[in-house]
Each structure stands twice: as structure tokens, then as C-alpha cells.
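K.L.:
What follows is a single structure, and I will ask about it in a moment.
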Amino acid sequence: MEIICPQCNFTRIIPDEKIPARAEIATCPKCKHKFRFRELTEGIATDATVDAETGPDNTSVPKQSSEKEPQPSLTHNKPETKQDNGEEFWDKLAALGQPHQDKQHRTSPSGDASTFAEIDVPWEHLDKYGFFPGLWETIKRAMLQPAAFFRSMPVGNGQIKPLIFYLLIAEFQIVMQLLWDMTGVGANATSEAGLAGISAVMLLVVYPLLLIMMLYLMAALVHACLHLVGVATRGFEGTFRALTYGSAPMVMVLVPMIGPLIGAIWSLIVTFLGYKHIHRSTTGKVLLAMLLPLIPFGLLLILVLTMAQRNGAMTF
């Protein structure tokens, strides 16, 4: 028998032999709504009453307690089937409210008691999303929903795909910047003759290699600071992922003049949220870790200014 909840339209097929003969009320396992799923004819109810009271030899049978027969529940025990898995997945999607989020329940490597459900990064599953849709969906999530994006990001799938994502964003940034400069609408307008020295080898080989070196140096420095503060709970890969996917707002270079500045500020905020939510830390600790690398540079700057003032005083 197919039983459908009139409240939430939850449906389940239950074999007739597993439904008590006199049961008329069912309880939905999803919304807990009780409803009448069928109406028994009077003859069936009478026969059932006679059979229950007289017994097989028309002898009186002691009446049992007036407990009602158990109502059929849509959550009766039965072996796991493909249909059950489908309904379970349907329930998760209904609760989530977003049909295209591939939610996977996996334990976080930190072993935290409050385990977050992990959602795969679209860029890392191009076989499912496609190249450009996966790239765009990842950029959109990182820019518009950074907290949820990094909080649910799996850690342990490697650094190659995040690195390629970062290189694509960086290459796109430099190409667009050169284009704006060549057309004269960029912050540093340059003639075509000035761009002639930038060869394809420089753009596609040397520049990415320099980017990779600077990226790993920055990631190592930040991770060391996070470790000093005591918040590097998900390893170097967690820090690396926050830094690479945090570069997504740099696509704002599409907007001439002010786009690079907006993208840089936006990227800094997204990266900060990445450190915080990937490592399950607090705002104060992450902010302290990000400011630690500036302390040596600040001291060096103060030293240089002090020496310059002394030299100036000696001149006069």
C-alpha cells in the first residue's frame, strides 16, 4: 500500500501484510503528523471484533487490556534498500533547501565534537560540474558565502587543484590588467610597444613559477604564525586552501581602475574568513596570526626611518 502524508507529501510503500488489520491512523516520520490513511468497512471491523473475542472454538477469551493496536508507522523496521537511500537523500535535500549541494557526512580531521557536514568544492569535481560551471560556482561561493564555503570545505584531497585554481585566477588577473593598460583605461597605461617585451613564455611559464614560489612562501609564513597562536588545527593544507581559494575576488580586475583595489580588499577578507573557518578558530586569534608577520617589517621600517633622521640631523 502506498501511504502519502497529506501534510508534507512524504510517501512510502508498505506491504499490506505488515499493516495491522484494524489500523487506520498513520504517523508521518518526517513531520510527525497523524492522519487517516484508510477507512475500514463496518463488516471487517465487526468480524475482527468477533474473532478477537470468541476465539476458534466459540469459547470466551479473556479480554486483553484496552491498549490500542500499534499504529502503522512509515518508519517501520525493514532492511536497507535503494529506495530507502533515495528517500534519505530526499530528506536531506529538503532540509537543506538547496537542491544542488552535494552534502557528505564525513568526520572532520580535527575530531571536533561539533562535526560539520562537508560539501565538496565544485572546482575539484569537474567531472560532475564541468570546467567553466565548476570554476564559476567555486568563485561565486568563495566570494558571496565565504564562511559557509570554508567551514564545509574538505581537507585532505591534496593541494594540486587549489594550486591550479590560484594560478588561473592570477593569470586571468595579469592578462586583464595588461589589457586595460594597453587600451589606456588602466591605472598604469602602457603602449603596445611597452607590452611587446612580455612574451608568451614569460606570461605562461616564468610568471606562474614565480607565483608558485611566492604562494608557498606566504602559506608557510602564515601557517607558522597560525601554529604559534595555536589555531593551525587542520594542517598546512588547510592554510594553503584558505590562501588559494581566497584569491577568488581578484576576478574584480574585470572592472577597470578600481577593480584591482576592490578585489584585493575583498580577497583579504575572504582569506581571513578562510583561516578562521577552516581551522575552526576565533577572530582574535586569526587576526593576531595575520599581524605577526608585519611585526618584523614594522620594526625594520622604524629602524630605517630612525637612521634616516639621524643622517639628516648630521647633515644639517
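The values are calculated or read from the model by the stated rules, or taken from the named source; none is laboratory data. Note that this is a predicted model, so its numbers are computed, not measured. Ideal geometry is used to build each Cβ from the backbone, glycine not excepted, and the neighbour counts take in all protein chains shown.
K.L.:
Among (1) touching a strand residue (DSSP E or B) at 6+ places or on another chain (Cβ under 9 Å); (2) at pLDDT below 95, where does F149 come up short?
P.N.:
(2)
K.L.:
Of the residues F240, F236, only one is more than 23 Å from L135 (Cβ to Cβ), touching a residue at least 12 places away in the same chain (Cβ under 8 Å) and either in contact with a strand residue (DSSP E or B) (Cβ under 9 Å, 6 or more places away or on another chain) or not β-branched (V, I, T) (or both); which? Break it down into steps so the answer makes sense when it comes.
P.N.:
Numbers: F240 fails: more than 23 Å from L135 (Cβ to Cβ).
One residue alone meets the criteria, F236.
K.L.:
Only one of Y216, Y207 is at pLDDT 95 or above, surrounded by 13 or more Cβ atoms within 10 Å (Cβ to Cβ) and not hydrophobic (A, V, I, L, M, F, W, C); which?
P.N.:
On the way: Y207 fails: at pLDDT 95 or above.
Answer to the check: Y216.
K.L.:
A further question on this structure: Among the residues in the stretch 255-269, are any surrounded by 20 or more Cβ atoms within 10 Å (Cβ to Cβ) and of a type in the set (V, I, T)?
P.N.:
no
K.L.:
Just checking, how many residues over the stretch 154-166 are surrounded by 17 or more Cβ atoms within 10 Å (Cβ to Cβ) and at pLDDT below 95?
P.N.:
1
K.L.:
Also, quick follow-up: Does any residue in the stretch 130-147 that is under 17 Å from K276 (Cβ atoms) come within less than 7 Å, Cβ to Cβ, of a residue that is assigned to a helix (DSSP H, G or I) and of a type in the set (V, I, T) six or more places away or on a different chain, and which pairs are these?
P.N.:
From the stretch 130-147, the pairs are A142/V270; M143/V270; P146/V270.
K.L.:
For residues in the stretch 30-61 being modelled with pLDDT of 50 or more and in contact with an Asp or Glu (Cβ under 9 Å, 6 or more places away or on another chain), which is surrounded by the fewest Cβ atoms within 10 Å (Cβ to Cβ)?
P.N.:
If we take residues in the stretch 30-61 being modelled with pLDDT of 50 or more and in contact with an Asp or Glu (Cβ under 9 Å, 6 or more places away or on another chain), then E39 is surrounded by the fewest Cβ atoms within 10 Å (Cβ to Cβ).
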